[in-house]
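Shown next, in structure tokens, is the structure this report addresses.
The values are calculated or read from the model by the stated rules, or taken from the named source; none is laboratory data. Because the structure is predicted, anything quoted here is derived from the model rather than measured. All Cβ positions, even for glycine, are placed from backbone atoms using ideal geometry, and neighbour counts span all protein chains on display. Side chains included, ligands, DNA and RNA excluded: accessible areas come from the protein's heavy atoms. Shrake-Rupley method; radii C 1.70, N 1.55, O 1.52, S 1.80 Å.
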Amino acid sequence: MKSILNYIDGEFVRGKREFADVNPADGSEIAQVEEADQDVVDRAVASARRALHADWGRIPVRERAALLHKIADGIERRFDCFVKAEVADTGKPVTLASRLDVPRAAANFRVFADLIKLAGVESFQTETPDGKAALNYAERKPLGVIGIITPWNLPLLLLTWKVAPALACGNTVVAKPSEETPATATLLAEVMQEAGIPNGVYNVVHGFGPGSAGEFLTQHPDVNAVTFTGESRTGAAIMRTVASSVKPVSFELGGKNAAIVFADCDFEETVNGVSEAVFMNTGQVCLCAERVYVERPIFERFVDGLKKKAEGLRLGAPTDTATDLGPLISAQHRDKVLSYYQLARDEGAAVVTGGGAPKFGNRLDQGFYVQPTIYTGLPESARCVKEEIFGPVCHVAPFDSEEEAVALANDTKYGLAASIWTTNLKRGHRVAHKMNVGITWVNCWFLRDLRTPFGGVGLSGIGREGGIHSLNFYSELNNICVRL
Ligand code: NAD
Ligand code: 6OD
């Protein structure tokens, strides 16, 4: 059986315990993962600190950027290995990993390599009370050792989304990938070695959250900042852990996102776009739309169109290029999603399609599949309309006016993303301005430009990453004021 190892100071190291890495498509065991205990985490943090004080923070930006491009080259060279590992760990279709996850991992390194070379700092010429002048300019310094904690839904994409800007800014990192999807973080370590990244710059510790590597890392006194993507509840727990040492945090958390469909939308394009927004990655994208609001004149027709799309999605083996939807990540998550399917019925929903688990009659029956599901008829107060389910499911409700649509979309404690579907671009802009979220798409969804701010409001997160926002989070700015 294959072992997935921690990576510390340029070496692959074992822990004192192991846990199983499971393929969600059939429940089979893929590998044994070496769990990092307190001692292993301490060694990883110490190694990152040594590397910070050695070469990495001091090498010229041009050279650092060139090394980041070499990491991207390495990911592209091992494209098939990364796709294979990501598909086995997550159960996502091979077509999705090939088109989204792995290319984005390489792009994350390329974009931040280029951005750090171009990034300026603020400067101000200041008039002094005695009629003379002073010059203020900010200096960008590494923040230090960054603890990176990531989830299982887009493991490599979300890990590299944080590692790339952190390294670009001269920091060193200790990454703890999700216990469900450990493989690509360790594979990335091999790429780091091949690219010539100095030992200790990139470290990986495997394990769980509380009482394990996640907690050991976030509470470590020598970790200078924590960047986390995952559930809002976990974000709250990490915030409590880091409070006593006042570490900066960047949190990308959960969502209960709305799609607003106006009667004047391009119907076919919108059915396709909303279907993607609801079902991509089996609904396991924080940006997925679990609430769809449709203007009443096209409500029935739209529900029917979305139903046909859902019923046309092929569930199957993730390795099969014909598969549209893979399983959920784990038996536990499948049970959670199925319990929401039951809850929706209990809360009075009409089931448009789905609502259960499929039967394949083969080994996939040991996997964690659920049917793509659409409900209507729930009151806005229903738990299924309020709580993040994180599965291939949405509730569709009608609205009668723009004001009502805005009020419905904003009636949530989350505030990550929204999508608006209309051919009236004036209205598209107007409604977008009223969305209480971090990211609004008009006539598209999950269309990314990595220079743009990314993050959420309310329960959906703290801070923004992307472009200059990432560079600012992963840097300390020292303002220098010189009297002239
Ligand atoms: P999770 O919060 O359960 O776990 C995420 C990571 O945190 C894992 O590595 C886990 O081991 C670790 N962890 C758990 N408890 C911890 C603790 N007390 N201390 C330190 N680390 C701890 O999230 P998940 O189930 O892996 O991912 C799904 C969730 O992530 C959903 O809520 C989804 O919306 C959210 N998400 C948000 C974004 C975003 O950009 N906003 C992106 C992807 C996923
Ligand atoms: O595209 C990104 O940069 C990003 N952070 C996506 C997050 C997706 C959530 O599952």
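Points worth noting:
- For the residues Asn472, Asn424, the requirement of being away from ligand 2 (no atom under 14 Å from the Cβ), surrounded by fewer than 21 Cβ atoms within 10 Å (Cβ to Cβ), in contact (Cβ under 8 Å) with a residue 60 or more places away in the chain and more than 26 Å from Leu343 (Cα to Cα) singles out Asn424.
- Pairs are defined by a Cβ separation below 6 Å, a sequence spacing of at least 6 or placement on different chains, a first member in the range 278-291 that is among the acidic types (Asp, Glu), and a second member that is open to solvent by less than 10 Å² (accessible area, probe 1.4 Å) and near ligand 2 (Cβ under 10 Å from one of its atoms); no pair meets this definition.
- Evaluation of Pro327 against (1) touching a strand residue (DSSP E or B) at 6+ places or on another chain (Cβ under 9 Å); (2) closer than 30 Å to Ser401 by Cα (one fails), failing number: (2)
- Filter result (touching a Gly at 6+ places or on another chain (Cβ under 8 Å), farther than 17 Å from Pro142 by Cα and open to solvent by 50 Å² or more (accessible area, probe 1.4 Å)) within the range 218-250: Glu231, Thr234
- Residue in the range 182-195 that is open to solvent by 10 Å² or more (accessible area, probe 1.4 Å), touching a residue at least 12 places away in the same chain (Cβ under 8 Å) and assigned to a loop (DSSP other than H, G, I, E, B) present: no
- Here is the figure for the range 445-475: residues that are of a type in the set (Gly, Ala, Ser), near ligand 1 (Cβ under 10 Å from one of its atoms) and either assigned to a helix (DSSP H, G or I) or in contact with a Leu (Cβ under 7 Å, 6 or more places away or on another chain) (or both) total 3.
- Test: residue in the range 204-215 that is open to solvent by 50 Å² or more (accessible area, probe 1.4 Å), of a type in the set (S, T, N, Q) and either touching a Leu at 6+ places or on another chain (Cβ under 9 Å) or within 25 Å of Val173 (Cβ to Cβ) (or both): no
- Odd one out for Phe208, checked against (1) under 25 Å from the mean Cα position of the chain (by Cα); (2) away from ligand 1 (no atom under 14 Å from the Cβ): (2)
- Just one of the numbered conditions (1) in contact with a helix residue (DSSP H, G or I) (Cβ under 8 Å, 6 or more places away or on another chain); (2) assigned to a strand (DSSP E or B); (3) within 16 Å of ligand 1 (Cβ to nearest atom); (4) open to solvent by 10 Å² or more (accessible area, probe 1.4 Å) is not true of Pro398: (3).
- Test: residue in the range 278-286 that is aromatic (Phe, Trp, Tyr) and within 16 Å of ligand 2 (Cβ to nearest atom): yes
- Lone unmet requirement of (1) open to solvent by 10 Å² or more (accessible area, probe 1.4 Å); (2) within 27 Å of Gly428 (Cβ to Cβ) for Ala405: (1)
- When residues of the range 285-320 are limited to those that are in contact with a Gly (Cβ under 7 Å, 6 or more places away or on another chain) and either not small (Gly, Ala, Ser) or not in a helix (DSSP H, G or I) (or both), the one surrounded by the fewest Cβ atoms within 10 Å (Cβ to Cβ): Leu287
- Long-range neighbours under 7 Å by Cβ, at least six apart or interchain, first residue part of a loop (DSSP other than H, G, I, E, B) within the range 326-351, second among the acidic types (Asp, Glu) and open to solvent by 20 Å² or more (accessible area, probe 1.4 Å): Ile329/Glu180; Ser330/Glu180
- Thr323, sole failed condition from (1) buried (at least 16 other Cβ atoms within 10 Å of the Cβ); (2) under 29 Å from Val437 (Cβ atoms); (3) polar (S, T, N, Q): (2)
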